[in-house]
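Working notes, beginning with the structure itself.
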Amino acid sequence: MKKQTPKYEGKKRSFDKKESFNRKNKSRDSYQGNDTKHEKTAEEIAENFVFGHHAVAEAIKEGRGNKLFILEDARGDKINDLKELAQTAAVPVKWVPKQKLDSLSQDAVHQGVVLAITPYDYLSLSELLAQKKENPFYLILDRLSDPHNFGSILRTADASGVDGIIIPKHRSVGITPVVVKTSTGAVEHVPVARVTNLSQTIKELKEQGFWIFGTDMEGTSYNKWNAQGSIALIIGNEGSGMSEGLKKEVDEMLTIPMTGHVQSLNASVAASLLMYEVFRQRNFGDL
């Protein structure tokens, strides 16, 4: 006997799809309400949480805090300071076990504090240019992939007076909790613009009177670099360096002289040397 197709099979599939959609949406707000555990993706963690004393404090000061989670038996001056900051900013505080903090931070070194935040608000290129100061200095990060490098670059950029950082939307690390923690809060003070196309961005910067500099194994020694005026410096990917397309867009290529067996520097180290060369020229002249 031939088996008949159930009459309401189509409706049942539609209902199941809706239920699945609802369950997926509910999991995104897992840090609110009760402590029911929900599986969170790395992207959701990156957009919604920061951790570590300095990073949490700066995010609260900048008004990005939504809820502060503190290790239930944590004590000390730093914890008291964070509690006071949260109270001043009207950020709720919740004392939780270590397992909860490990889950929220994906087992990172959270120092006993995790902050639920409003996702980082990237600038557009036009918004960054609207903040234009006299003779601005921008960094352009070409497909940088290591969050520790990005965080270190942000920290040095804040210390050396960089006016903004430009990153691509795709194939590049963004503002993640590791970036925020490594920057020790500097991410809250250095404007970061995210753009779709770096080549187009460079053309627009040139139209605004910027000189564009790249970094490579061959080029002008950085200590002979004229870093005056409106400038943008490209830092390439940790492994492959600058993309070939961007190399064609630069006005001058810079290099850092080296001796010994290692023929390249870590991206954040190279960026730091070049940032401080700009700082030296603009603040101390020939010293």
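The values are calculated or read from the model by the stated rules, or taken from the named source; none is laboratory data. Because the structure is predicted, anything quoted here is derived from the model rather than measured. We place every Cβ from the backbone using ideal geometry, glycine too, and count neighbours over all the protein chains shown. Side chains included, ligands, DNA and RNA excluded: accessible areas come from the protein's heavy atoms. Shrake-Rupley method; radii C 1.70, N 1.55, O 1.52, S 1.80 Å.
One table, with the values for the structure above:
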read-out	value
Residue list for the stretch 112-132, restricted to those being at pLDDT 90 or above and over 30 Å from residue 230 (Cβ atoms)	112, 113, 114, 115, 116
Failed item, numbered, when residue 190 is tested on (1) in contact (Cβ under 8 Å) with a residue 40 or more places away in the chain; (2) closer than 16 Å to residue 138 by Cα	(1)
Selection count, the stretch 38-64, where residues are in a helix (DSSP H, G or I), closer than 12 Å to residue 117 by Cα, modelled with pLDDT under 90 and open to solvent by less than 70 Å² (accessible area, probe 1.4 Å)	7
Matching residues in the stretch 130-176 - criterion: being touching a Ser or Thr at 6+ places or on another chain (Cβ under 6 Å), touching a residue at least 40 places away in the same chain (Cβ under 8 Å), under 11 Å from residue 190 (Cα atoms) and open to solvent by 10 Å² or more (accessible area, probe 1.4 Å)	156
Candidates 238, 218 - the one that is under 19 Å from residue 144 (Cα atoms) and modelled with pLDDT under 95	238
Count of residues meeting criterion [touching a strand residue (DSSP E or B) at 6+ places or on another chain (Cβ under 8 Å), surrounded by fewer than 16 Cβ atoms within 10 Å (Cβ to Cβ) and small (Gly, Ala, Ser)] in the stretch 258-287	1
Any hit, the stretch 267-286, residues being modelled with pLDDT under 90, among the small types (Gly, Ala, Ser) and out of contact with any Pro (no Cβ under 9 Å at 6 or more places or on another chain)	yes
Candidate set: the stretch 178-189, residues that are of a type outside the set (A, V, I, L, M) and open to solvent by less than 10 Å² (accessible area, probe 1.4 Å); chosen: the one farthest from residue 121 (Cα to Cα)	183
Residue 220, sole failed condition from (1) under 21 Å from residue 168 (Cα atoms); (2) β-branched (Val, Ile, Thr); (3) in contact with a strand residue (DSSP E or B) (Cβ under 9 Å, 6 or more places away or on another chain)	(1)
Leading residue by the ranking (farthest from the chain's Cα centre (by Cα)) among those in the stretch 274-287 that are of a type in the set (A, V, I, L, M) and within 12 Å of residue 227 (Cβ to Cβ)	278
Tally, over the stretch 65-118, of residues that are free of Cβ contacts under 8 Å to residues at least 12 places away in the same chain and assigned to a loop (DSSP other than H, G, I, E, B)	5
Every residue from the stretch 198-216 that is over 14 Å from residue 250 (Cβ atoms) and either out of contact with any Lys or Arg (no Cβ under 9 Å at 6 or more places or on another chain) or of a type in the set (Val, Ile, Thr) (or both)	200, 204, 207, 209
Residue list for the stretch 163-203, restricted to those being in contact with a His (Cβ under 8 Å, 6 or more places away or on another chain) and on the phi > 0 side of the Ramachandran plot	184, 185
The stretch 259-284 residues that are over 16 Å from residue 220 (Cα atoms), paired with ones that are assigned to a helix (DSSP H, G or I) and among the hydrophobic types (A, V, I, L, M, F, W, C) (beta carbon under 6 Å, 6 or more apart)	268/153
Selected residue (criterion: surrounded by the most Cβ atoms within 10 Å (Cβ to Cβ)) from residues of the stretch 119-128 that are over 15 Å from residue 198 (Cα atoms) and touching a residue at least 24 places away in the same chain (Cβ under 8 Å)	120
